[in-house]
There are 2 protein chains.
Amino acid sequence: MLLIEKVLTLRSSEIFHNTPEAELVELAGILEELYLNPNETLFQKGEIGESMYFIYKGKIRIHDEDLTLAVLEENEILGELSVLDADTRSASATALQETILLKLDQEPFYDIMLANAEVLKGILKTLGRRLRIMDAKLAETKATPTEQPSR
Amino acid sequence: MLLIEKVLTLRSSEIFHNTPEAELVELAGILEELYLNPNETLFQKGEIGESMYFIYKGKIRIHDEDLTLAVLEENEILGELSVLDADTRSASATALQETILLKLDQEPFYDIMLANAEVLKGILKTLGRRLRIMDAKLAETKATPTEQPSR
């Protein structure tokens, strides 16, 4: 895969959308390509996870045993919380077809954030925005007449 | 205020709970003390915010005009999303009584994260956990019988 294809995959993800191009090139250089066959398991619910993945091509089913929680496609990401806190996977992930992933491990992810203020700022900005959106959604939920009032 | 009091205030907040003591001491050194009178406004909804605050003593009302959204007390924090993304304040904040705050600005916050991998990891771990909790809460909401099924 070309470096530029990896850069474009990173850029199209929410988490690196605010990261400058020079830093994306550096990040792209440490991504590992991963090829999955149909029905191949990427990770199981409950495993400790320290990597996040970008879907370059293909489809990944996120599931809890037989219950499908989501189907993720090209340019979507998975496992992004585990790269932050190295906690257990909250669901399993299995390829639905031949799938190419780009894998980013926690250690190089932290190294690159620590070396590049712009990468760190882009990621924290994205996380901040995500928390704001979720705060607003939860406030909405609480504001429905059957629930306690929004606080 | 003693440096050790500032350290204890930082340590009692969720965001710095995982930060090692040596780094808390460094962080405590850059906090600015802020004294508010009763009814004094800290910030208004819609203003650009680049600081977060730790409540050392007193009470702060978070509100949208006359509607009280929350009353925050000792050891609670406010404005923590603005220090991440320097976006506008989503509500106003006014002191209910004499209040002592510790103010942390975005720039020193980033500087200390970039200089201390442990601080950065602690904060990202906290943000990751917070996103996991909110994900779970939203999934719960969606799983209620009147709503669409959880995805």
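Here, each number is a calculation from the coordinates, and none is a lab measurement. Keep in mind that this is a model prediction, so the values were computed, not measured. Please note: Cβ atoms are built from the backbone with ideal geometry, for glycine as well, and neighbour counts cover all protein chains shown.
Could you give the dipole magnitude of region B:19-78 about its Cα centre, charging the beta-carbon of Lys and Arg +1 and that of Asp and Glu -1, in debye to the nearest 20?
Taking the Cα centre of region B:19-78 as origin, the dipole is about 200 debye.
Could you state the number of Å between the C-alpha centres of region A:30-81 and region B:27-88?
After rounding, the separation between the Cα centres reads 39 Å.
Taking a cut-off of 24 Å between Cα atoms, list the lysines near B:K45, but don't count ones fewer than 8 places away on the same chain.
Once the sequence-local lysines are set aside, what remains near B:K45 is A:K121, A:K125, A:K137, A:K142, B:K57, B:K59, B:K103.
State to the nearest 20 debye the size of the charge dipole of region B:3-138 about its Cα centre, where the only charges are +1 on K and R beta carbons and -1 on D and E beta carbons.
Around 540 debye, computed over region B:3-138.
Principal axis extents for region B:38-104, Cα atoms only, whole Å, descending order, please.
Principal extents (Cα only, largest first): 28, 26, 16 Å.
For the charge dipole of region B:1-121, defined by +1 on Lys and Arg C-beta atoms and -1 on Asp and Glu C-beta atoms about the Cα centroid, which residue among B:L101, B:I30, B:V71 has the Cα displaced farthest towards the positive pole?
With unit charges placed on the Cβ atoms, the residue in question is B:V71.
What is the average number of partner chain Cβ atoms found within 10 Å of a Cβ in B:125-135?
Mean partner-chain Cβ count within 10 Å for B:125-135: 6.
Please order B:S13, B:S51 by the number of other Cβ within 10 Å, starting at the fewest.
Least crowded to most crowded, the residues run B:S13, B:S51.
Give me a single rounded figure for A:113-120: the average over its residues of other chain Cβ atoms within 10 Å of their Cβ.
Rounded to a whole number, the mean comes out at 3.
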